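All remarks here apply to the structure that follows.
The values are calculated or read from the model by the stated rules, or taken from the named source; none is laboratory data. All values derive from a computational prediction rather than experimental measurement. Glycine also receives a Cβ, built like all others from the backbone with ideal geometry; neighbour counts cover every protein chain displayed.
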Amino acid sequence: DWTMAEFRRAKIEDIRAQVGDARVICGLSGGVDSAVAAVLIHEAIGDQLTCVFVDHGLMRMGEAEQVVGLFRNHYNIPLVHVDAEELFMDGLAGLTDPEAKRKFIGKTFIDVFDAEAKKIGGADFLAQGTLYPDVIESVSFTGGPSVTIKSHHNVGGLPERMNMALVEPLRELFKDEVRELGRELGLPPAFVGRHPFPGPGLAIRIPGEVTKDRCDILRKADAIYLEEIRNAGLYDAIWQAFAVLLPVKTVGVMGDSRTYDSVCALRAVTSTDGMTADVYPFDGQFLGRVATRIVNEVRGINRVVYDYTSKPPGTIEWE
Ligand code: XMP
(Lines give C-alpha, C1' and ligand atoms only; values in the text may rest on other atoms or scores of the structure.)
Protein backbone atom coordinates (compact mmCIF):
# COMPACT_ATOMS: atom_id res chain seq x y z
CA ASP A 1 0.00 0.00 0.00
CA TRP A 2 1.46 3.32 -1.14
CA THR A 3 0.29 5.40 1.82
CA MET A 4 1.72 3.06 4.44
CA ALA A 5 4.97 2.67 2.52
CA GLU A 6 5.21 6.46 2.54
CA PHE A 7 4.34 6.63 6.25
CA ARG A 8 6.99 4.04 6.99
CA ARG A 9 9.71 6.00 5.14
CA ALA A 10 8.70 9.29 6.75
CA LYS A 11 8.58 7.83 10.26
CA ILE A 12 11.98 6.22 9.85
CA GLU A 13 13.41 9.65 9.01
CA ASP A 14 11.60 11.20 11.99
CA ILE A 15 12.88 8.55 14.38
CA ARG A 16 16.47 8.96 13.17
CA ALA A 17 16.23 12.74 13.48
CA GLN A 18 14.76 12.50 16.99
CA VAL A 19 17.07 9.85 18.38
CA GLY A 20 20.41 10.52 16.70
CA ASP A 21 22.87 7.97 18.03
CA ALA A 22 21.23 7.70 21.45
CA ARG A 23 19.88 4.49 22.95
CA VAL A 24 16.21 3.53 22.98
CA ILE A 25 14.41 1.01 25.14
CA CYS A 26 11.00 -0.40 24.22
CA GLY A 27 8.59 -2.34 26.40
CA LEU A 28 6.88 -5.14 24.50
CA SER A 29 3.44 -6.01 25.82
CA GLY A 30 2.92 -9.04 23.62
CA GLY A 31 0.38 -7.08 21.63
CA VAL A 32 0.41 -5.80 18.08
CA ASP A 33 1.00 -2.10 18.82
CA SER A 34 4.24 -2.35 20.75
CA ALA A 35 5.53 -4.98 18.31
CA VAL A 36 4.88 -2.78 15.27
CA ALA A 37 6.47 0.21 17.02
CA ALA A 38 9.54 -1.86 17.91
CA VAL A 39 10.01 -3.27 14.40
CA LEU A 40 9.67 0.20 12.85
CA ILE A 41 12.15 1.73 15.30
CA HIS A 42 14.55 -1.15 14.76
CA GLU A 43 14.40 -0.52 11.05
CA ALA A 44 15.31 3.11 11.73
CA ILE A 45 18.12 2.73 14.30
CA GLY A 46 19.05 -0.96 14.41
CA ASP A 47 20.75 -2.15 17.57
CA GLN A 48 20.49 1.21 19.31
CA LEU A 49 17.11 -0.30 20.27
CA THR A 50 16.71 -2.85 23.06
CA CYS A 51 13.31 -4.43 23.72
CA VAL A 52 12.20 -5.58 27.14
CA PHE A 53 9.35 -8.05 27.40
CA VAL A 54 7.95 -8.22 30.94
CA ASP A 55 6.17 -11.57 31.01
CA HIS A 56 3.55 -11.33 33.76
CA GLY A 57 2.17 -14.82 33.16
CA LEU A 58 -1.20 -13.33 32.23
CA MET A 59 -0.93 -13.83 28.47
CA ARG A 60 -3.04 -16.05 26.26
CA MET A 61 -1.91 -19.58 25.36
CA GLY A 62 1.47 -19.65 23.62
CA GLU A 63 1.66 -15.89 23.27
CA ALA A 64 4.82 -15.19 25.23
CA GLU A 65 6.71 -17.81 23.22
CA GLN A 66 5.41 -16.28 19.99
CA VAL A 67 6.64 -12.81 20.85
CA VAL A 68 10.07 -14.00 21.91
CA GLY A 69 10.39 -16.19 18.81
CA LEU A 70 9.32 -13.41 16.50
CA PHE A 71 11.79 -10.87 17.84
CA ARG A 72 14.80 -13.04 18.53
CA ASN A 73 14.60 -15.46 15.64
CA HIS A 74 12.65 -13.74 12.91
CA TYR A 75 13.83 -10.15 13.30
CA ASN A 76 17.01 -10.65 15.29
CA ILE A 77 16.09 -7.70 17.51
CA PRO A 78 17.84 -7.66 20.91
CA LEU A 79 15.24 -8.74 23.44
CA VAL A 80 15.32 -9.14 27.20
CA HIS A 81 12.64 -11.63 28.29
CA VAL A 82 11.83 -11.20 31.99
CA ASP A 83 9.90 -14.09 33.49
CA ALA A 84 8.02 -12.31 36.27
CA GLU A 85 5.09 -14.69 36.62
CA GLU A 86 5.79 -15.57 40.24
CA LEU A 87 6.15 -11.96 41.27
CA PHE A 88 2.81 -11.11 39.67
CA MET A 89 0.98 -14.17 41.04
CA ASP A 90 2.30 -13.51 44.55
CA GLY A 91 1.15 -9.91 44.43
CA LEU A 92 -2.26 -10.78 42.99
CA ALA A 93 -2.96 -13.21 45.84
CA GLY A 94 -5.84 -11.86 47.88
CA LEU A 95 -6.69 -9.03 45.45
CA THR A 96 -10.30 -9.11 44.21
CA ASP A 97 -11.15 -5.50 43.40
CA PRO A 98 -10.76 -4.85 39.63
CA GLU A 99 -9.03 -1.50 40.06
CA ALA A 100 -6.75 -2.86 42.79
CA LYS A 101 -5.67 -5.62 40.41
CA ARG A 102 -5.07 -3.11 37.60
CA LYS A 103 -3.07 -0.81 39.85
CA PHE A 104 -0.91 -3.61 41.19
CA ILE A 105 -0.21 -4.92 37.69
CA GLY A 106 0.53 -1.47 36.27
CA LYS A 107 2.87 -0.57 39.11
CA THR A 108 4.67 -3.90 39.16
CA PHE A 109 5.08 -3.79 35.39
CA ILE A 110 6.81 -0.43 35.73
CA ASP A 111 8.99 -1.62 38.64
CA VAL A 112 10.20 -4.65 36.69
CA PHE A 113 10.74 -2.69 33.50
CA ASP A 114 12.62 0.02 35.39
CA ALA A 115 14.90 -2.53 37.04
CA GLU A 116 15.69 -4.17 33.69
CA ALA A 117 16.38 -0.81 32.07
CA LYS A 118 18.93 -0.09 34.80
CA LYS A 119 20.51 -3.52 34.34
CA ILE A 120 21.22 -2.86 30.69
CA GLY A 121 22.71 0.52 31.51
CA GLY A 122 19.66 2.69 30.89
CA ALA A 123 18.64 4.48 27.73
CA ASP A 124 17.90 8.00 26.61
CA PHE A 125 14.53 7.32 25.01
CA LEU A 126 11.53 5.21 25.87
CA ALA A 127 9.56 3.82 22.92
CA GLN A 128 5.85 3.08 23.23
CA GLY A 129 3.20 1.78 20.86
CA THR A 130 0.70 4.45 21.86
CA LEU A 131 -2.14 4.80 19.34
CA TYR A 132 -4.39 7.74 18.65
CA PRO A 133 -7.34 6.24 20.56
CA ASP A 134 -5.04 5.69 23.59
CA VAL A 135 -4.24 9.38 23.55
CA ILE A 136 -7.95 10.21 23.62
CA GLU A 137 -8.98 7.53 26.08
CA SER A 138 -6.36 8.52 28.61
CA VAL A 139 -8.22 11.81 28.90
CA SER A 140 -11.65 10.27 29.32
CA PHE A 141 -11.82 6.52 29.11
CA THR A 142 -15.23 5.29 27.94
CA GLY A 143 -17.14 7.02 30.68
CA GLY A 144 -18.18 10.43 29.36
CA PRO A 145 -16.80 13.76 30.51
CA SER A 146 -15.30 13.15 33.93
CA VAL A 147 -15.98 9.58 34.89
CA THR A 148 -13.19 7.04 34.84
CA ILE A 149 -14.73 3.64 34.32
CA LYS A 150 -11.47 1.76 34.17
CA SER A 151 -7.94 2.99 34.70
CA HIS A 152 -5.73 2.32 31.70
CA HIS A 153 -2.03 1.82 32.04
CA ASN A 154 -1.00 2.08 28.41
CA VAL A 155 -0.51 5.81 28.73
CA GLY A 156 1.25 7.54 31.57
CA GLY A 157 3.17 5.83 34.33
CA LEU A 158 6.38 4.74 32.68
CA PRO A 159 7.46 8.07 31.17
CA GLU A 160 7.00 10.12 34.36
CA ARG A 161 8.69 7.54 36.50
CA MET A 162 11.64 7.02 34.19
CA ASN A 163 12.16 10.62 33.19
CA MET A 164 12.90 9.69 29.59
CA ALA A 165 11.92 11.32 26.33
CA LEU A 166 9.29 9.39 24.39
CA VAL A 167 9.43 7.86 20.94
CA GLU A 168 5.85 7.16 19.88
CA PRO A 169 5.75 6.60 16.13
CA LEU A 170 2.15 5.29 16.08
CA ARG A 171 0.54 8.24 17.85
CA GLU A 172 -1.46 9.34 14.81
CA LEU A 173 -2.69 5.88 13.85
CA PHE A 174 -5.83 3.90 14.50
CA LYS A 175 -5.79 0.17 15.11
CA ASP A 176 -6.56 -0.84 11.51
CA GLU A 177 -3.76 1.45 10.29
CA VAL A 178 -1.29 -0.11 12.71
CA ARG A 179 -2.20 -3.51 11.32
CA GLU A 180 -1.62 -2.21 7.80
CA LEU A 181 1.77 -0.83 8.84
CA GLY A 182 2.58 -4.14 10.52
CA ARG A 183 1.88 -6.00 7.27
CA GLU A 184 3.94 -3.42 5.38
CA LEU A 185 6.82 -4.17 7.79
CA GLY A 186 6.51 -7.88 7.10
CA LEU A 187 5.08 -9.01 10.42
CA PRO A 188 3.27 -12.35 10.04
CA PRO A 189 -0.41 -11.74 9.08
CA ALA A 190 -1.67 -13.97 11.91
CA PHE A 191 0.27 -11.89 14.43
CA VAL A 192 -0.83 -8.55 12.98
CA GLY A 193 -4.46 -9.64 12.85
CA ARG A 194 -4.62 -10.64 16.49
CA HIS A 195 -7.47 -9.30 18.58
CA PRO A 196 -6.61 -6.48 20.98
CA PHE A 197 -5.56 -7.68 24.41
CA PRO A 198 -5.64 -5.58 27.60
CA GLY A 199 -2.41 -4.74 29.45
CA PRO A 200 -3.58 -6.47 32.68
CA GLY A 201 -4.20 -9.57 30.57
CA LEU A 202 -6.12 -12.54 31.94
CA ALA A 203 -6.23 -10.94 35.41
CA ILE A 204 -9.26 -8.88 34.39
CA ARG A 205 -10.90 -11.95 32.82
CA ILE A 206 -10.84 -13.79 36.14
CA PRO A 207 -13.26 -11.89 38.39
CA GLY A 208 -12.22 -12.39 42.01
CA GLU A 209 -8.83 -13.72 43.01
CA VAL A 210 -6.30 -14.58 40.30
CA THR A 211 -4.11 -17.66 40.76
CA LYS A 212 -1.81 -19.51 38.39
CA ASP A 213 -4.22 -22.47 38.41
CA ARG A 214 -7.12 -20.28 37.35
CA CYS A 215 -4.98 -18.64 34.66
CA ASP A 216 -4.11 -22.09 33.30
CA ILE A 217 -7.77 -23.16 33.26
CA LEU A 218 -8.80 -19.95 31.50
CA ARG A 219 -5.97 -20.21 28.95
CA LYS A 220 -7.20 -23.67 27.91
CA ALA A 221 -10.84 -22.62 27.54
CA ASP A 222 -9.85 -19.46 25.68
CA ALA A 223 -7.60 -21.41 23.28
CA ILE A 224 -10.43 -23.83 22.42
CA TYR A 225 -12.84 -20.95 21.82
CA LEU A 226 -10.36 -19.10 19.57
CA GLU A 227 -9.47 -22.28 17.70
CA GLU A 228 -13.14 -22.91 16.90
CA ILE A 229 -13.58 -19.28 15.83
CA ARG A 230 -10.58 -19.56 13.50
CA ASN A 231 -11.78 -22.89 12.10
CA ALA A 232 -15.17 -21.37 11.38
CA GLY A 233 -13.45 -18.55 9.49
CA LEU A 234 -14.88 -15.93 11.84
CA TYR A 235 -11.76 -14.59 13.55
CA ASP A 236 -11.29 -11.51 11.36
CA ALA A 237 -14.97 -10.56 11.52
CA ILE A 238 -14.71 -10.19 15.30
CA TRP A 239 -13.05 -7.32 17.19
CA GLN A 240 -12.39 -9.29 20.36
CA ALA A 241 -13.38 -12.78 21.47
CA PHE A 242 -12.33 -14.32 24.75
CA ALA A 243 -13.34 -16.54 27.62
CA VAL A 244 -13.93 -15.33 31.18
CA LEU A 245 -13.55 -17.61 34.20
CA LEU A 246 -16.21 -16.83 36.80
CA PRO A 247 -15.80 -17.18 40.56
CA VAL A 248 -19.03 -19.17 40.65
CA LYS A 249 -19.34 -22.92 40.95
CA THR A 250 -22.38 -24.81 39.74
CA VAL A 251 -23.49 -28.41 39.82
CA GLY A 252 -23.20 -30.60 36.74
CA VAL A 253 -23.12 -34.24 35.76
CA MET A 254 -20.31 -36.07 33.97
CA GLY A 255 -20.85 -39.78 33.27
CA ASP A 256 -22.28 -41.17 36.49
CA SER A 257 -20.97 -38.54 38.82
CA ARG A 258 -21.89 -35.14 40.04
CA THR A 259 -19.49 -32.29 39.31
CA TYR A 260 -19.14 -29.00 41.11
CA ASP A 261 -16.95 -26.69 39.06
CA SER A 262 -16.53 -23.17 37.69
CA VAL A 263 -18.61 -21.39 35.07
CA CYS A 264 -16.94 -20.05 31.93
CA ALA A 265 -18.47 -17.11 30.06
CA LEU A 266 -17.75 -16.48 26.38
CA ARG A 267 -17.60 -12.98 24.94
CA ALA A 268 -17.34 -11.86 21.32
CA VAL A 269 -17.95 -8.37 20.00
CA THR A 270 -17.68 -6.33 16.85
CA SER A 271 -16.38 -2.78 17.13
CA THR A 272 -14.26 -0.21 15.30
CA ASP A 273 -12.45 1.35 18.24
CA GLY A 274 -13.56 -0.46 21.39
CA MET A 275 -15.59 2.55 22.56
CA THR A 276 -18.88 0.94 21.59
CA ALA A 277 -19.46 -2.69 20.70
CA ASP A 278 -22.11 -5.08 19.44
CA VAL A 279 -22.44 -8.71 20.38
CA TYR A 280 -21.30 -11.13 17.69
CA PRO A 281 -24.33 -13.26 16.77
CA PHE A 282 -22.93 -16.80 16.65
CA ASP A 283 -25.36 -19.51 15.68
CA GLY A 284 -26.45 -21.91 18.37
CA GLN A 285 -24.67 -24.85 16.80
CA PHE A 286 -21.33 -23.09 16.95
CA LEU A 287 -21.78 -22.11 20.59
CA GLY A 288 -22.92 -25.64 21.42
CA ARG A 289 -19.77 -27.09 19.88
CA VAL A 290 -17.53 -24.73 21.84
CA ALA A 291 -19.40 -25.37 25.11
CA THR A 292 -19.14 -29.14 24.66
CA ARG A 293 -15.44 -29.00 23.90
CA ILE A 294 -14.63 -26.73 26.85
CA VAL A 295 -16.56 -28.83 29.38
CA ASN A 296 -15.07 -32.06 27.99
CA GLU A 297 -11.49 -30.86 27.62
CA VAL A 298 -10.93 -28.38 30.45
CA ARG A 299 -10.86 -29.69 33.99
CA GLY A 300 -12.36 -27.20 36.38
CA ILE A 301 -15.14 -25.94 34.09
CA ASN A 302 -18.53 -27.67 33.88
CA ARG A 303 -20.77 -24.95 32.46
CA VAL A 304 -20.44 -22.42 29.62
CA VAL A 305 -22.60 -19.33 29.06
CA TYR A 306 -22.61 -16.66 26.32
CA ASP A 307 -22.57 -12.95 27.17
CA TYR A 308 -25.26 -11.14 25.14
CA THR A 309 -24.59 -7.60 26.40
CA SER A 310 -23.64 -4.78 24.04
CA LYS A 311 -21.45 -1.80 25.02
CA PRO A 312 -22.93 0.34 26.40
CA PRO A 313 -24.35 -0.61 28.82
CA GLY A 314 -21.84 -3.46 29.28
CA THR A 315 -18.12 -2.96 28.87
CA ILE A 316 -16.16 -5.34 26.64
CA GLU A 317 -14.11 -6.81 29.49
CA TRP A 318 -15.90 -8.07 32.59
CA GLU A 319 -13.73 -5.97 34.92
P1 XMP B 1 -13.86 -2.01 28.05
O2 XMP B 1 -13.84 -3.25 28.88
O3 XMP B 1 -13.66 -0.76 28.86
O4 XMP B 1 -12.62 -2.12 27.07
O5 XMP B 1 -15.08 -1.91 27.19
C6 XMP B 1 -12.40 -1.34 25.92
C7 XMP B 1 -11.10 -1.82 25.29
O8 XMP B 1 -10.00 -1.57 26.18
C9 XMP B 1 -9.39 -2.78 26.58
N10 XMP B 1 -9.08 -2.64 28.01
C11 XMP B 1 -7.85 -2.38 28.49
N12 XMP B 1 -6.68 -2.23 27.86
N13 XMP B 1 -5.62 -1.90 29.94
C14 XMP B 1 -5.56 -2.01 28.59
O15 XMP B 1 -4.46 -1.89 28.04
C16 XMP B 1 -6.77 -2.04 30.64
O17 XMP B 1 -6.78 -1.95 31.87
C18 XMP B 1 -7.95 -2.29 29.87
N19 XMP B 1 -9.26 -2.47 30.21
C20 XMP B 1 -9.92 -2.70 29.06
C21 XMP B 1 -10.39 -3.87 26.27
O22 XMP B 1 -9.75 -5.13 26.04
C23 XMP B 1 -11.08 -3.33 25.04
O24 XMP B 1 -10.30 -3.54 23.88
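For the range 277-291, state whether one or more residues are in contact with a strand residue (DSSP E or B) (Cβ under 8 Å, 6 or more places away or on another chain), in a loop (DSSP other than H, G, I, E, B) and within 16 Å of the ligand (Cβ to nearest atom). Break it down into steps so the answer makes sense when it comes.
Taking the range 277-291 and keeping what is in contact with a strand residue (DSSP E or B) (Cβ under 8 Å, 6 or more places away or on another chain), we get 277-280, 282, 287, 290-291.
If we keep only those that are in a loop (DSSP other than H, G, I, E, B) as well, we get 280, 282.
Then drop every residue that is not within 16 Å of the ligand (Cβ to nearest atom), which leaves 280.
Yes.
Checked against (1) over 30 Å from A44 (Cβ atoms); (2) in a helix (DSSP H, G or I); (3) in contact with a Gly (Cβ under 8 Å, 6 or more places away or on another chain); (4) not acidic (D, E), L202 passes all but condition (3). Restricting the first member to the range 277-296 and to residues that are within 19 Å of W239 (Cβ to Cβ), and the second to residues that are part of a helix (DSSP H, G or I), the beta-carbon pairs closer than 6 Å and six or more apart or on different chains are V290/Y225; V290/E228.
Residue under question is L187, and the condition is that it be surrounded by 17 or more Cβ atoms within 10 Å (Cβ to Cβ) and among the aliphatic types (A, V, I, L, M); does it hold? Yes.
Name every residue in the range 250-270 that is among the hydroxyl-bearing types (S, T, Y) and either surrounded by 17 or more Cβ atoms within 10 Å (Cβ to Cβ) or not assigned by TED's automatic domain parsing to the domain that holds E227 (or both), in order of residue number. Break it down stepwise before answering.
So in the range 250-270, the residues among the hydroxyl-bearing types (S, T, Y) come out as 250, 257, 259-260, 262, 270.
Residues satisfying the conditions are T259, S262.
Applying a threshold of 8 Å to beta carbon distances and a minimum spacing of six or more residues, or different chains, the list of pairs starting in the range 185-207 at a residue that is at positive phi and at pLDDT 95 or above and ending at one that is within 9 Å of the ligand (Cβ to nearest atom) and β-branched (V, I, T) reads G201/I105.
List the helices (runs of 4 or more DSSP H) inside the range 85-153, counting only whole elements, that have at least 1 residues being assigned by TED's automatic domain parsing to the domain that holds L166, of a type outside the set (D, E, K, R) and at pLDDT 95 or above. Output list reads 85-92, 98-119. For the range 21-61, enumerate the residues that are over 21 Å from K119 (Cβ atoms), modelled with pLDDT under 95 and either in contact with a Ser or Thr (Cβ under 7 Å, 6 or more places away or on another chain) or outside any helix (DSSP H, G or I) (or both). G31, the sole residue that qualifies.
In this structure, is H42 more than 20 Å from the chain's Cα centre (by Cα) and surrounded by 23 or more Cβ atoms within 10 Å (Cβ to Cβ)? Reasoning before the result, please.
Values: more than 20 Å from the chain's Cα centre (by Cα): yes; surrounded by 23 or more Cβ atoms within 10 Å (Cβ to Cβ): yes.
So H42 fits the description; yes.
Somewhere in the range 267-282, is a residue farther than 24 Å from G193 by Cα and touching a helix residue (DSSP H, G or I) at 6+ places or on another chain (Cβ under 6 Å)? No, every residue in the range 267-282 fails to be farther than 24 Å from G193 by Cα and touching a helix residue (DSSP H, G or I) at 6+ places or on another chain (Cβ under 6 Å).
Identify all residues within the range 62-84 that are assigned to a strand (DSSP E or B) and within 27 Å of L226 (Cα to Cα); write none if there are none. Matches in the range 62-84: H81, V82, D83.
All conditions in (1) more than 15 Å from the chain's Cα centre (by Cα); (2) part of a strand (DSSP E or B) hold for R214, with the sole exception of (2). Considering (1) surrounded by 13 or more Cβ atoms within 10 Å (Cβ to Cβ); (2) modelled with pLDDT of 95 or more; (3) within 19 Å of R179 (Cα to Cα), the lone condition that D273 does not fulfil carries the number (2).
For the residues V248, V269, V305, V263, the requirement of being within 30 Å of A100 (Cβ to Cβ) and either assigned to a loop (DSSP other than H, G, I, E, B) or within 16 Å of the ligand (Cβ to nearest atom) (or both) singles out V269.
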